[in-house]
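I have placed the structure first, in the form of structure tokens, so that the comments after it can refer back to it.
FYI, it's all coordinate maths here, none of it is from the lab. Here the structure is a predicted model, which is why all the values come from computation and not from measurement. Here the Cβ positions follow ideal geometry from the backbone for every residue, glycine too, while neighbour counts run over all protein chains shown.
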Amino acid sequence: MKILSFAVFIALFSVLFFQACDSATDSKSTGVATPVLVQPADTSTGISLNPLFKWTGNADKLLISTNANFNNPRQENVTGNEFTLPAPPLSAHQTYFWKAGVTSGSTTYWSTMIWRFTTGN
């Protein structure tokens, strides 16, 4: 039970207090809180072709792609912590990957997780 409680504490601490770093090789905080993805949930299926995306914190960019490398992604400019995808809709029965980002200066700090979902009809 103590191990489970400790694991839950670490997970919550990471989600609530994670801040972006200024490079991939050091841990100097930038003071920018990265968005944490909420919806559509990771690996969810039957998602609308015009889904509602939600995250905690603020974001100004949303990337959606059919591959985890985000080659040729669909980029949407967003505000706040949710966004409904406008037309054109996504394709039916397709798996998509998504992430949200917040810009500070000339740098975009992306959510630390990349989630995927599959659309329905």
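Note on segment 30-119: Cα-only Rg and Dmax are 12.3, 39 Å. Label reach from Thr66 (point 7 Å along Cα→C-beta): in segment 34-57, amide nitrogens under 20 Å belong to 43-51.
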